[in-house]
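The values are calculated or read from the model by the stated rules, or taken from the named source; none is laboratory data. On a predicted model such as this, the values are computed, not experimentally measured, just so you know. Reconstructed Cβ throughout: ideal geometry from the backbone, glycine too, with neighbour counts over all protein chains shown. These area figures cover heavy atoms from the full protein model, side chains too; ligands, DNA and RNA do not enter into them. Shrake-Rupley method; radii C 1.70, N 1.55, O 1.52, S 1.80 Å.
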Amino acid sequence: MDKDVRLRTRPADPAKLKTLKKALIAFHNLETMAANIYRFQITKEPSEMNRQLIVAMCNEITHLQDFQVKLYEYGFRPGILCPAYRFLGFAFGFVSRILGPKAVLKTGIWVETKAVKHYAELLETVDWDEQTRRMIEKDQADEDGHISRWRNMLGQIR
Ligand SMILES: [Fe+2]
Ligand SMILES: [Fe+2]
């Protein structure tokens, strides 16, 4: 862990610096929202679905950790809208939980599909260092995994 954290040199070009900051804040906001969606979708019932939601929440928390660390390594801070994304995550999670398992799974699929697209965009627009790019690609693959898991489970309910 200790050696995984590095102080990173910011790009000298102001335009690149701005793009980098915006991208990291966007990732951080998205992962904050995702972690909270799953957190508030979990019910008390000892079901396989809840177990999978806990797995997904845990996974999103690692993504959140990845980007929070990255932000501070570059000398940035989480975005000012972060609490709003936390609230959005709560709202999507809570409302879908009330609506039932299908809504829970559909919300997951919807949000993760948006995330994967956003990841693809940001992977293209920013000139990432090798280590960060690998991290982002790994997180993006995790989101793809979430989509297939929720699709599978939705298929079993229908
Ligand atoms: Fe994520
Ligand atoms: Fe995800």
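Quick rundown of the values:
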read-out	value
The range 101-134 - residue that is in contact with an Asp or Glu (Cβ under 6 Å, 6 or more places away or on another chain) and farther than 20 Å from residue 69 by Cα and, of those, surrounded by the most Cβ atoms within 10 Å (Cβ to Cβ)	112
Single condition residue 76 does not satisfy, out of (1) away from ligand 2 (no atom under 16 Å from the Cβ); (2) open to solvent by less than 80 Å² (accessible area, probe 1.4 Å); (3) in a helix (DSSP H, G or I)	(3)
Pair list, Cβ under 9 Å, 6 or more apart: the range 109-130 residue closer than 28 Å to residue 41 by Cα, other residue within 10 Å of ligand 2 (Cβ to nearest atom) and polar (S, T, N, Q)	115/140; 116/140; 119/140; 120/140
Candidate set from the range 5-29 (those that are of a type in the set (A, V, I, L, M, F, W, C) and part of a loop (DSSP other than H, G, I, E, B)); member that is least open to solvent (accessible area, probe 1.4 Å)	5
Count - residues of the range 38-85 that are hydroxyl-bearing (Ser, Thr, Tyr), under 14 Å from the mean Cα position of the chain (by Cα) and more than 21 Å from residue 157 (Cα to Cα)	2
Residue 55, sole failed condition from (1) in a helix (DSSP H, G or I); (2) surrounded by 15 or more Cβ atoms within 10 Å (Cβ to Cβ)	(2)
Residue in the range 140-158 that is farthest from ligand 1 (Cβ to nearest atom), counting only those that are free of Cβ contacts under 8 Å to residues at least 60 places away in the same chain and open to solvent by 70 Å² or more (accessible area, probe 1.4 Å)	158
Failed condition for residue 19, given (1) farther than 22 Å from residue 149 by Cα; (2) without any contact (Cβ under 8 Å) to a residue 24 or more places away in the chain	(2)
Options 137, 60: the member that is surrounded by fewer than 16 Cβ atoms within 10 Å (Cβ to Cβ) and of a type outside the set (Gly, Ala, Ser)	137
